[in-house]
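Have a look at the structure below before the remarks.
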Amino acid sequence: MRLLLRLCLCLLAVCFFALGYTYLSFSPRFAQGLVNKALFHPQKVERFDQSLAMVEGIEAREIDFRPADTGLNLKGLLYRVPGSEDIVLFSHGNGGNLNYCRSFLAAVLKAKVSVFAYDYRGYGMSQGSPSVNGVIDDAEAAYDYLRNRLGYESSRIVLYGSSLGGGVSTQLARLRQCKAIMLDSTFQSPEILVKERFPIFNIYPGFLWFRPALDNLDFMAHNNLPVLIMVARNDEVIPWTHSKSLARTAAGSARLVVFDHSKHSDFFDRDFEGYCAAISGFLSGSAN
């Protein structure tokens, strides 16, 4: 009888261990491979689209730069506007590559401000494979290129993040100083967004989510930088209420612009004029 009881207890312990191991193994904190597949959808290309060679009369300069200690070669495009002291560092979303970003570039260049846009590792012509920590390292490397190679002061660098790039930009702002931030079509945090869409993930508390958390909401609550937040009311990927919450939570100056005729990260049809006006007004307003 005692032997049977011991066997039952051993089996019970093994079951609990197996369940616990499985629970932790599939948590966002430890299932890095699954997280990377879910977050990143890169497209490779052999060259930049010809339409990017000249945008708003400004010629592009193709840039090669490397994140520290990786050996990876990343690609970016630099557009320097004569007389512009500021520069926008552009971090795109989780899909595609820079070939899909011409309208973003045009909107900033219309405001007569320089732009440096880059592809994360694994995107476009950039080497490697994307990961959460990897794309943050890439953003740091792009920022450091502006500071160390091109001589821009941190007080002249404006960060722009689109969709997932919003989380990249706010995380970069935790690591490097900047002048201001522009966000479009972004989330409060990946954790909040996923739990809204798939309630089963509520079984994982915050400490079992990946790090860095790309938590825009926490950043807004604890940072005083000027922020422009742009979103489509009909965003079908990230509800526009996420942007509304970011603006409401902001500890500093935050302006929310909502476009009524667009969808996710796509302000380039009927809302393009308003999109350009919002960017131009924000950049000129933060000029001093």
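The values are calculated or read from the model by the stated rules, or taken from the named source; none is laboratory data. Every value quoted in this text rests on a predicted model; they were computed, and no experiment measured them. Cβ placement follows ideal geometry from the backbone for every residue including glycine, while neighbour counts extend to all protein chains displayed. These area figures cover heavy atoms from the full protein model, side chains too; ligands, DNA and RNA do not enter into them. Shrake-Rupley method; radii C 1.70, N 1.55, O 1.52, S 1.80 Å.
At a glance:
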quantity: Residue within the range 105-122 that is touching a Phe, Trp or Tyr at 6+ places or on another chain (Cβ under 7 Å) and either open to solvent by 10 Å² or more (accessible area, probe 1.4 Å) or acidic (Asp, Glu) (or both) present; calculated: no
quantity: Residue within the range 247-255 that is open to solvent by 40 Å² or more (accessible area, probe 1.4 Å), of a type in the set (Gly, Ala, Ser), assigned to a loop (DSSP other than H, G, I, E, B) and out of contact with any Phe, Trp or Tyr (no Cβ under 9 Å at 6 or more places or on another chain) present; calculated: yes
quantity: Per-region count, the range 274-288, residues open to solvent by 40 Å² or more (accessible area, probe 1.4 Å) and modelled with pLDDT of 95 or more; calculated: 2
quantity: From LYS75, LYS110, residue being farther than 19 Å from THR170 by Cβ and touching a strand residue (DSSP E or B) at 6+ places or on another chain (Cβ under 7 Å); calculated: LYS75
quantity: Out of ASN216, ASN234, sole residue that is out of contact with any Cys (no Cβ under 9 Å at 6 or more places or on another chain), polar (S, T, N, Q) and at pLDDT below 95; calculated: ASN234
quantity: Which listed residue, of SER253, SER262, SER245, SER284, is under 15 Å from VAL108 (Cβ atoms) and of a type in the set (S, T, N, Q); calculated: SER284
quantity: The one condition in (1) closer than 15 Å to LEU172 by Cβ; (2) more than 16 Å from the chain's Cα centre (by Cα); (3) not in a loop (DSSP other than H, G, I, E, B) that TYR143 fails to fulfil; calculated: (2)
quantity: Candidates ALA213, ALA173 - the one that is in contact with an Asp or Glu (Cβ under 7 Å, 6 or more places away or on another chain) and either acidic (Asp, Glu) or free of Cβ contacts under 8 Å to residues at least 60 places away in the same chain (or both); calculated: ALA213
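A quick yes/no check of all residues on (1) surrounded by fewer than 24 Cβ atoms within 10 Å (Cβ to Cβ); (2) touching a residue at least 40 places away in the same chain (Cβ under 8 Å):
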{"position": "GLY165", "(1), (2)": "no, yes"}
{"position": "LEU183", "(1), (2)": "no, yes"}
{"position": "PRO190", "(1), (2)": "yes, yes"}
{"position": "ASN202", "(1), (2)": "yes, no"}
{"position": "ASN224", "(1), (2)": "yes, no"}
